[in-house]
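Everything on this sheet refers to the single structure shown next.
The values are calculated or read from the model by the stated rules, or taken from the named source; none is laboratory data. Note that the structure is predicted; figures quoted are calculated from it, not measured. Cβ sites come from the backbone with ideal geometry, for glycine too, and all protein chains shown count toward neighbours. SASA here: full protein model, heavy atoms, side chains in, ligands and nucleic acids out. Shrake-Rupley method; radii C 1.70, N 1.55, O 1.52, S 1.80 Å.
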Amino acid sequence: MDKIKDTRSFMRITHRYLGFFLAGIMAVYSVSGILLVYRDTDFLKKEKKYDKTIAVNLKEKELGKELKIKGLEVEKTEGTVLYFKQGTYDATTGKAKYSKKELPFVLDKMVKLHKSQSKETLSPLNTFFGISLFFFVISSFWMFNPKTKAFKRGIKFTIAGLIISVILLCI
């Protein structure tokens, strides 16, 4: 019985203090997650103009990659100047004039939290956060005595959450 009480006490205390520690991180992740939902809109984005010189004689696909414009399509070509929705590119000089709608600096950095890959400096934070959230899932079952009504109701809500998540993933 002492071992169960020790485990329960450890889970509750760790859950509590890890929760306080992660509150700030969760605030940032929640805001960036909401912003990602609306990444296909111009929500909070401002137009930023660019005027730079890049490599010459780029093809449409290469140009899109170089300017970091997804789905760039050349609408017309006059001489050596390519015209696309966001601007122009002179293939002989490499001069590109274009505009992009971007999130403000801080919000853009926050959104990158969700997009980071294993090679980036944010990956340890993302991994730690993911493991911590999984710990929260597991440790929450030690918050209540398993014989109580609250615990049994909590199990039903957990199962409902799992089922709804799986259904939405499959749709």
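Of the conditions (1) touching a Leu at 6+ places or on another chain (Cβ under 7 Å); (2) open to solvent by 50 Å² or more (accessible area, probe 1.4 Å), residue 103 clears all except one; give me its number.
So the condition that residue 103 fails would be (2).
Looking at (1) in a helix (DSSP H, G or I); (2) of a type in the set (A, V, I, L, M, F, W, C); (3) open to solvent by less than 70 Å² (accessible area, probe 1.4 Å), can you tell me which one residue 96 breaks?
(1)
List every residue pair whose Cβ atoms sit under 6 Å apart, with the two residues 6 or more apart in sequence or on different chains, where the first one lies in the range 118-135 and is free of Cβ contacts under 8 Å to residues at least 24 places away in the same chain and the second, anywhere, is in a loop (DSSP other than H, G, I, E, B).
122/116; 123/116; 126/116
Anything in the range 28-86 that is assigned to a strand (DSSP E or B) and either touching a residue at least 60 places away in the same chain (Cβ under 8 Å) or of a type in the set (Asp, Glu) (or both)? List them, or say none.
47, 51, 75, 78
Take the range 111-152 and flag every residue that is small (Gly, Ala, Ser), touching a helix residue (DSSP H, G or I) at 6+ places or on another chain (Cβ under 6 Å) and assigned to a helix (DSSP H, G or I).
Scanning the range 111-152 gives 132, 139.
Of the conditions (1) at pLDDT 90 or above; (2) basic (Lys, Arg); (3) within 25 Å of residue 134 (Cα to Cα), residue 46 fails just one. Which one is it?
For residue 46, the exception is condition (3).
Could you tell me how many of the residues in the range 12-35 are within 16 Å of residue 130 (Cβ to Cβ), open to solvent by less than 40 Å² (accessible area, probe 1.4 Å) and aliphatic (A, V, I, L, M)?
Selection size over the range 12-35: 3.
Kindly establish whether residue 44 is open to solvent by less than 100 Å² (accessible area, probe 1.4 Å) and in contact with a Pro (Cβ under 8 Å, 6 or more places away or on another chain).
The answer is yes for residue 44.
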